[in-house]
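Just so you know, all these numbers are worked out from the coordinates, no wet-lab data involved. Just so it is clear, the model here is predicted, and its values are computed rather than measured. Virtual Cβ from ideal backbone geometry, glycine too; neighbours counted across all protein chains shown.
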Amino acid sequence: MGAACVALSMAEKAAFAQEIRRGGTLRIGLGSAGAKSSLNPLVSTGDMDFAVSQAIYDRLTDFDGKGQLYNNLAEEFSHNHTGDVWKIKLRSGIVWHDGSPFNADDVVYTLQYALNPDTKADAYSSLQPFLRADEVKALDPTTVAITLTRPYALLPEILGSKVMSIIKNGTTSFDLPVGTGPFKFNSWERGQRVSLVRSDSFRQAGKPYLDGVEYIAINDATARMNALSAGQVDAIAQLDASLAGIISANPALKLLQSKSSATTDQYMMVNKKPFDDVRVRQAFRLMIDRKQLVGNALSGYGAIGNDLHCITDPDYATSLPQREYDPDQAKALLRKAGYDNELSVQFYAADAAPGMLSSATLIANQAKKIGVKLELVVVPPDSYYAGPNFKNTPIACSDWGQHTLESQFTQGYARNAYWNEPDWTNDAFDEWVSKARTTFKDEERRSYYAEAQKILWNEGAYIIWGFRDLLDATSSKVQGIEPSTQRNLGYYRFESVYFA
């Protein structure tokens, strides 16, 4: 009986293997590309650049399709009883695309690179509060020792942040990037196209199945869909929800959908009038009709938000009341802030993410009902984040993928962090977050995060009206992309993708 079962299992494996056709190049249409595109995985410049880095590089830890943390290049984490000294055991047998072995020196170099303010690495704001560059050491080729300035319970989690890819020891230029991921660099045209080819040294035997992946910048959402329909690309990311019905009606195409905590939101600059007054920020949060925004800007493919990021995090503050549409209260708050007559404010927007321009247009219309005139400043998608208006107009749009609270707070709420878009700071908030980071007790951490989020809910500067489903589309011939809550197109990992 046992032998028969083994034989059947082997036969099933053989049959499955025959179904997978190796070869071919996956052509992907992506937005958020522009003249400032970069192949540096430690600097965020847009969704296309992140998608490329996902295929070339790896992180010590990462998140699976359901948002659960797992060890990737790291094999094991351990710490002393106080939590301020950590050891990271690395996986052995992993090689870089140039054939050299991955080792502890690479991890040390990456962390020291990120901790150097001159590199402008996005992870600087995450690491600098508790780590010094000279306290990261290689004990042997597979062991890294880290001494922190204070206990930090969430080190494995923050090392899985999207801005924490591991780079090779000695890297100073990213024009010819070398990683440990499933695909290696071939060529690129900045802001236009990136070509990758299979890495035959990838650690998963037999993968990737594809010969290569080609990333093509198509910033207009409708143009991306038309390129897919015409067979010019095989997959597109960040499908606008208004186009989902067209994809579903075409038997040659497939719609991919995943719940997520991704947001298309708005932020109010607290260093610019009128948003230096918390009453105005509260009024703007009350003047928006969230149900209408989810229904129209996301065509119903999403859930209502409550002005807090990270709804999928287990420590998300579900106890806070849902903020409701209340234009009368919004008017009253504006009067108390001294804005009795019509308030006119510039509003920066683009069609740079699903629902971004449509939500901005809706919010501008909703604002008229309380005597607020939002003057839309609309720019092309490829210049939105790189243009002079970014973080320079009183209110603007933003786009966040799924993050843990810790990752969100370090990237989007930390003092002096580049992606703290509204430049909002609060001493009490910082204290609660600091307490959360230093405790190894889950219930204590949850209570501290709840206090921090209460401050955000009352005084923060983001309008988070909804969480959007991640929508993508592919040719029906494309197989192996499993939807992920983390990011579009299965978190942009294509080692298991093949053509039917």
Antiparallel content of DSSP bridges confined to the range 263-468, in %, to 5: 55 percent
Karplus 3J(HN,Hα) series, Hz, for the range 344-358 with 6.51 cos²θ - 1.76 cosθ + 1.60 (x for Gly, Pro): 10, 9, 6, 10, 8, 8, 6, 8, 9, 7, x, x, 5, 5, 5
Nitroxide proxy distance, nm - points 7 Å out along Cα→Cβ at Asn80 and Asn250: 6.0 nm
GluC sites (Glu not before Pro), loop per DSSP, at most 13 other Cβ atoms within 10 Å - longest free stretch of the chain: 1-323
Which of Phe174, Phe202, Phe102 has the fewest Cβ neighbours within 10 Å, and the rest in rising order: Phe174, Phe202, Phe102
Spacing of the two label points (7 Å from each Cα toward its C-beta) at Val95 and Asn458, in nm: 5.9 nm
The range 58-158: relative contact order in percent, alpha carbon pairs under 8 Å with at least 6 residues between: 27 percent
For the range 58-158, alpha-carbon Rg relative to the globular expectation (2.2 N^0.38 Å, N residues): 1.06
Fewest-first ranking of Ser125, Ser261, using other Cβ atoms within 10 Å as the exposure measure: Ser125, Ser261
Sequence ranges 281-288, 166-173, ranked by mean other-Cβ count within 10 angstrom, highest first: 281-288, 166-173
Environment charge at Ser407 (Cβ cut-off 14 Å; Lys +1, Arg +1, Asp -1, Glu -1): -2
Per residue convex hull volume, Cα atoms of the chain, in Å³: 161 Å³
Centre separation in Å (Cα based) which lies between the range 449-500 and the range 394-411: 13 Å
Antiparallel DSSP beta bridges within the chain, as percent of all bridges there, nearest 5: 75 percent
Sites Asn186 and Asp328, calculated FRET efficiency, Cβ-Cβ separation with R0 41 Å, nearest 0.05: 0.10
Nearby aspartates and glutamates by direct alpha-carbon distance to Lys207 (threshold 20 angstrom, same-chain neighbours under 8 apart not counted): Glu12, Glu19, Asp58, Asp62, Asp64, Asp98, Asp234, Glu482, Glu495
Projected label distance in nm at Asp340 and Glu444, using a 7 Å step from Cα toward the beta-carbon: 5.3 nm
Within-10-Å neighbourhood charge of Ser344 [Cβ basis; K, R +1; D, E -1]: -1
Distance-filtered residues of the range 264-294 - backbone nitrogen under 16 Å, label point 7 angstrom along Ala428 Cα→Cβ: 278-279, 282
